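Undergrad: Take this structure, written in structure tokens, and hold onto it; I'll ask about it next.
Values quoted throughout were computed directly from the atomic coordinates according to the rules given, and no laboratory measurement underlies them. Please read all numbers here as calculations on a predicted model, not as lab measurements. Backbone-built Cβ (ideal geometry, glycine too); neighbour counts: all protein chains shown.
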Amino acid sequence: MLTIKNLHARIGEKEILKGIDLQVNAGEVHAIMGPNGSGKSSLAAVLAGRENYEVTEGEVWLDGKNLLDMKPEDRAREGVFLAFQYPIEIPGVSNINFLKTALSEIRDYRQLPPLTAKEFLKLTKEKQQLVEFDAKLANRSLNEGFSGGEKKRNEVFQLAMLEPKLAVMDETDSGLDIDALRIVSNGVNKLRSEKNAFVLITHYQRLLEYIVPDFVHVLYNGRIVRSGNKELALELEEKGYDWLKEELKVRESSIQ
Amino acid sequence: MTNEVATSLYNKLADEFEMRRKAPAHAAERSLEGLRQEAFDDFKTKGFPSIKEEDWRFTSLVPFLDADYNLNIVNGDENSLADAVKKAAIPELDAYRLVLVNGSIHIGLSRLPNQDMASIVSLKSISGSEFYREQLSTFNRTEGNTLTALNSAFFTDGFYLEVKKDVSLDKPLEIIHIYTAPENAFFQPRHLLVINRNAKAEVIENSIVLHDKKRVFVNSVSEFIIKENGQLSHYDIQSNTAGERWLQYNHITQQRGSRYDNFTFSLPGADLIRNNLEVRLNDTATETHLYGLYLVAGNQLTDNHTSIEHRHPSCKSNEMYKGVLMDNGKAVFNGKVFVKREAQQTNAFQQNNNLLLSDKAQVYAKPQLEIFADDVKCSHGCTVGQFNPDSLFYLQSRGIGEIAAKKMLVEAFMFDVTEKISNHAVKQYVQELIYLKMGNTAASAN
């Protein structure tokens, strides 16, 4: 589904991603871990099409389509969803109007008929139940007045509404208490299917106890330095990242 | 005379004034003769306002005076008038209707409230009265600028509306101003609206000019008097077309316990919009709300000058103006709030926010608070900014196209004002106009 080849990206003069290779197939869940500043959130932002990153080299393909050529809205319409680490509050834009617009633009792009007001309402209710998101949405501005946990849950709710192929979740677990973490994870687990794929960006192994990944990758200094199965996450939890950093240093110096 | 370009118009006005003075006048006109002369002398000495004056620093009238305007257009083509009303009328608004053609009431197209509730007559029919003479004389002595003096010298008609004591008008009154300009034309209407004690009304003004790429200059003066415990909600929708230059002076006097709410929506289209909104609080315990939205596009210049004068204790005023600037648009906001020494326990708030959507757009914002009382709560805030790129990206990342996302953010920016519009039909209409006019601009930019 998603193929990333030798992806390099920078902000200004600073190179952040230094050659990422990743293959994600339908039905898979990939976890990307790594120390602070290793480029995890940058990878998510580049996939979603954030303007301030400049891709200098490499390719990103989604089901045969070149993502890097597309504007952020077209990536979303093609089925990329980024759950934000810090969801944005937009006073004056209503939650409902926002969802309605997003859904209708996506459906239009996919040549699906628009939903009637009734169908939309029904869908909203169903998905809210599915992801256990009971915040009142009517007459409220987008994310405004939501607690940190509610914002994260709203991201998962939007994910449920928009039904993307590929969901990239940028530290969705950060700032969540145990209950919220369980609810968010349940939501994601219910949304997992043979047709979609998830990339979970996280610092902690804890999330992966709830959402069990098929693959775990470690991102360090703009590159994926190690890939494995869920055992790798446990190993990291136990030993920390320093162990990996040491190993890398040894390897690099021996190459030289 | 302060500038060369306007000389021909200036001379034309002088000739016209002389001609009118010599013409045999009817009784009403004779009683105003002295006031007209004083007003014209005032204009003649000072000329059109120039950018050397503080209130006109950023708004030069020079480019807008350079046309050969006909000063005496009276009649419109009857057939086109009904269409104009249809075009200008706000859909789904259940309201009385007052239609004016070139400043004069058109009874046939109007739907006026019952005489017991409100009387609406032509200004012409009362301008000879002692009451009006006094009104005009006081205004000329204490208020206005050279343009209002010019209006005082020349106006021939307008409406006089009086809402009777203790009456709450059961429906809003929609006032549609139609102007017809088969050639370049200069209009100077004059209106007076009185809300009597304990009376309440909602007035919605809208305008349309029938012209084919002509230059049209409207220099209007309206006075509003709100007596004890009276209430007036006043909407003004300025959605016009190229070639039009609108200079509007609205003067409000509030008596004890009265309330005035003003909404001014200035949209793209006209070449120039200059609004003067002057509020005089003449007694205690009044409440005033001024809300403004200006969306400026093309090469348009939109200038809002507001002034609120607190002269007595315990009055409340609240002002919020929001502007969105596109293309080469230029906006001016000047908000004066005066709190005189006697005006203790004043609450006066002002806010002006501007969103610049183009590198070439300009805004000149000037909050101006002059406070001489010590027991008051006053604040003001002014911002100029751009779209928050994070917000834009968030919307786009959910599949919302760039143009739609920008429109949503503009709507959100204006929300503080639009949410205050209590009339649903007006709210709907204004939001649609904004959407439409933004779309036109976005499309033409590509």
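Undergrad: What is the spread of the Cα atoms of the stretch B:32-147 along each of their three principal axes, largest first, in whole Å?
TA: In descending order, the Cα extents are 46, 38, 26 Å.
Undergrad: Here's a follow-up. From the C-alpha coordinates alone, can you work out the Kirkwood hydrodynamic radius of the stretch A:62-191, in Å?
TA: Working: mean 1/r = 0.0655 Å⁻¹.
Mean inverse Cα-Cα distance, inverted, gives 15.3 Å.
Undergrad: Still on this structure: As I understand it, the dipole of the protein assembly as shown uses +1 on the Cβ of Lys and Arg and -1 on the Cβ of Asp and Glu, about the Cα centre. Which of B:356, B:425, B:65 lies farthest toward its positive end?
TA: Checking the options against the dipole of the protein assembly as shown, the answer is B:425.
Undergrad: Quick one: grab the alpha carbon gyration tensor of the stretch B:136-188, order the square roots of its eigenvalues as a ≥ b ≥ c, and give me rounded if a/c is under 1.5, else prolate or oblate depending on whether a/b is larger than b/c. Could the numbers behind the result be given before it?
TA: Details: a/c = 3.35, a/b = 1.27, b/c = 2.64.
Oblate is the answer for the stretch B:136-188, as a/c is 1.5 or above yet b/c matches or exceeds a/b.
Undergrad: If you don't mind, there's one more thing I want to ask. How many percent of Cα pairs in chain B exceed 37 Å?
TA: Details: 22198 of 99235 pairs.
In whole percent, the share of Cα-Cα pairs in chain B beyond 37 Å is 22.
Undergrad: Let me ask something additional. By average Cβ neighbour count within 10 Å, what is the ranking of A:96-106, B:362-372, A:170-180 from highest down? Working shown, then result.
TA: Working: A:96-106: 19.9, B:362-372: 15.7, A:170-180: 17.3.
Output ranking for A:96-106, B:362-372, A:170-180: A:96-106, A:170-180, B:362-372.
Undergrad: So what are the radius of gyration and Dmax for the Cα set of the stretch B:146-298, in Å?
TA: Every Cα atom of the stretch B:146-298 included, Rg and Dmax give 15.9, 49 Å.
Undergrad: Next question. Over the Cα atoms of the stretch B:257-328, compute the convex hull volume and normalise it per residue, giving Å³.
TA: Numbers: hull volume 4.7 nm³, N = 72.
It comes to 65 Å³ per residue, whole-number rounded.
Undergrad: Also: How would the stretch B:328-396 be classified by its alpha-carbon gyration tensor: rounded, prolate or oblate, with rounded meaning a/c under 1.5 and the a/b versus b/c comparison settling the rest?
TA: Details: a/c = 5.94, a/b = 2.22, b/c = 2.67.
Cα axes put the stretch B:328-396 in the oblate bin.
Undergrad: Between residue B:77 and residue B:170, take the C-beta separation as r, use R0 = 45 Å, and let me know the FRET efficiency to the nearest 0.05. Don't skip to the end; give the middle numbers.
TA: Details: r = 34 Å, r/R0 = 0.75.
That gives a FRET efficiency of 0.85.
Undergrad: Might you report the magnitude of the Cβ-based charge dipole of the stretch A:109-241 about its Cα centre, with Lys and Arg at +1 and Asp and Glu at -1, to the nearest 20 debye? Could you put the intermediate results ahead of the total?
TA: Values: 20 positive and 20 negative charges, 112 e Å.
Around 540 debye, computed over the stretch A:109-241.
Undergrad: So which aspartates and glutamates can residue B:340 reach, going by Cα to Cα under 20 Å and dropping same-chain residues fewer than 8 places off?
TA: Filter leaves B:143, B:278, B:283, B:287, B:309, B:319, B:370, B:374, B:375.
Undergrad: Averaging sequence separations of C-alpha pairs under 8 Å and six or more residues apart, then dividing by the length of the stretch B:285-401, give the relative contact order as a whole percent. Mind showing how you got there, number by number?
TA: Values: 290 pairs, mean separation 29.3, N = 117.
Relative CO of the stretch B:285-401 lands at 25 percent.
Undergrad: Then there is this: What Rg and what Dmax come out for the stretch A:127-256 when only alpha-carbon atoms are used, in angstroms?
TA: Just the Cα atoms of the stretch A:127-256 yield Rg and Dmax of 17.5, 62 Å.
Undergrad: Same structure, new question: If you take all C-alpha pairs in the stretch A:1-110, what percent of them are over 17 Å apart? Kindly include the intermediate steps, with their values, before the conclusion.
TA: Values: 3599 of 5995 pairs.
Everything past 17 Å amounts to 60 percent.
Undergrad: So what's the stretch A:69-128 giving for Rg/Rh, alpha carbon basis, Kirkwood Rh from the mean inverse pair distance?
TA: Values: Rg = 12.8 Å, Rh = 13.0 Å.
Rounded to two decimals, Rg over Rh is 0.98.
Undergrad: Further question: Give the residue from A:244, A:139, A:175 lying farthest towards the positive end of the charge dipole for the stretch A:128-249; charges sit on Cβ (+1 for Lys and Arg, -1 for Asp and Glu) and the dipole is referred to the Cα centre.
TA: Among A:244, A:139, A:175, the one farthest towards the positive end of the dipole of the stretch A:128-249 is A:139.
Undergrad: Could you give the semi-axes, largest first, of the ellipsoid that matches the stretch B:65-219, computed as the square roots of 5 times the alpha carbon gyration tensor eigenvalues and rounded to whole Å? Before the final figure, lay out the partial values.
TA: Values: eigenvalues 132, 101, 29 Å².
In descending order, the three semi-axes are 26, 23, 12 Å.
Undergrad: Is the C-alpha gyration tensor of chain A telling us rounded, prolate or oblate? Criteria: a/c under 1.5 is rounded; beyond that, a/b larger than b/c is prolate, otherwise oblate.
TA: Numbers: a/c = 1.97, a/b = 1.53, b/c = 1.28.
Prolate is the answer for chain A, as a/c is 1.5 or above and a/b outweighs b/c.
Undergrad: Below 8 Å between Cα atoms, with a sequence gap of 6+, how large is the relative contact order for the stretch B:354-446 in percent? Walk me through the intermediate numbers first.
TA: Values: 34 pairs, mean separation 20.9, N = 93.
Computed over the stretch B:354-446, the figure is 22 percent.
Undergrad: So for the stretch B:169-233, what percent of the C-alpha to C-alpha distances run longer than 16 Å? Write out the running numbers ahead of the final one.
TA: On the way: 1193 of 2080 pairs.
I get 57 percent for the Cα pairs in the stretch B:169-233 exceeding 16 Å.
Undergrad: Please give me the summed charge of the neighbours of residue A:194: other residues whose Cβ is under 12 Å from its Cβ, Lys and Arg +1, Asp and Glu -1. Kindly include the intermediate steps, with their values, before the conclusion.
TA: Working: positive: A:165, A:192, A:195; negative: A:28.
Overall, the nearby charge balance is +2.
Undergrad: In nm, give the distance between the simple-model label positions of residue A:147 and residue A:123, each being 7 Å from the Cα along the Cα-to-Cβ direction.
TA: It is 3.0 nm.
Undergrad: Note the direction-averaged projected area, equal to a quarter of the hull surface, for the Cα convex hull of the stretch B:1-100, in nm². Mind showing how you got there, number by number?
TA: Working: hull surface 41.5 nm².
So the Cα hull casts an average projection of 10.4 nm².
Undergrad: Take the alpha-carbon positions of the stretch A:115-189, form their convex hull, and give its projected area averaged over all directions (one quarter of the hull surface) in nm².
TA: Numbers: hull surface 21.3 nm².
Average of the hull's projected areas for the stretch A:115-189 equals 5.3 nm².
Undergrad: Let me ask another. What is the Rg over Rh value, at two decimals, for the stretch B:359-446, using alpha-carbon atoms and the Kirkwood definition of Rh? Let's see the in-between values first.
TA: Working: Rg = 17.4 Å, Rh = 16.1 Å.
Value, to two decimals: 1.08.
Undergrad: Right, something else. Past the 19 Å Cα-Cα mark, which pairs from A:65/A:165; A:5/A:249; B:124/B:213; A:122/B:407; A:18/A:40; A:152/A:239?
TA: On the way: A:65/A:165 13 Å; A:5/A:249 24 Å; B:124/B:213 30 Å; A:122/B:407 27 Å; A:18/A:40 12 Å; A:152/A:239 29 Å.
Result: A:5/A:249; B:124/B:213; A:122/B:407; A:152/A:239 exceed 19 Å.
Undergrad: Among the listed pairs B:200/B:316; B:44/B:86; B:164/B:366; B:171/B:330, which are separated by more than 30 Å between their Cα atoms?
TA: Details: B:200/B:316 19 Å; B:44/B:86 40 Å; B:164/B:366 39 Å; B:171/B:330 37 Å.
Violating the 30 Å limit, Cα to Cα: B:44/B:86; B:164/B:366; B:171/B:330.
Undergrad: Can you tell me which lysines have their Cα less than 19 Å from the Cα of residue A:118? Leave out same-chain residues fewer than eight positions away.
TA: Cα-Cα hits under 19 Å: A:100, A:127, A:136.
Undergrad: Per DSSP H run of n ≥ 4, the term is -39500 (n - 2.57); total these for the protein assembly as shown, divide by its residue number, and report the mean residue ellipticity at 222 nm rounded to 500 deg cm²/dmol.
TA: Values: 18 runs with 223 residues, N = 702.
Counting only the DSSP helices, I get -10000 deg cm²/dmol.
Undergrad: Looking only at other chains, what is the average number of their beta-carbon atoms within 10 angstrom of each beta-carbon in B:400-407? All intermediate terms of the calculation are to be shown ahead of the outcome.
TA: Numbers: counts 11, 10, 3, 1, 5, 7, 0, 1.
Average per residue, whole number: 5.
Undergrad: Give me the orientation-averaged projected area of the Cα convex hull of the stretch A:31-88, in nm², one decimal. Provide the component values of the computation, followed by the final result.
TA: Values: hull surface 19.3 nm².
Averaged projected area of the stretch A:31-88's Cα convex hull equals 4.8 nm².
Undergrad: Enter the per residue convex hull volume of the stretch B:278-403, computed from alpha-carbon coordinates, in Å³ rounded to the nearest integer. Let's see the in-between values first.
TA: Details: hull volume 13.2 nm³, N = 126.
Each residue corresponds to 105 Å³ of Cα convex hull volume.
Undergrad: Oh, and also: Would you kindly compute the Cα radius of gyration of the protein assembly as shown and its largest Cα-Cα separation (Dmax), both in Å?
TA: Here Rg and the maximum Cα pair distance are 31.9, 110 Å.
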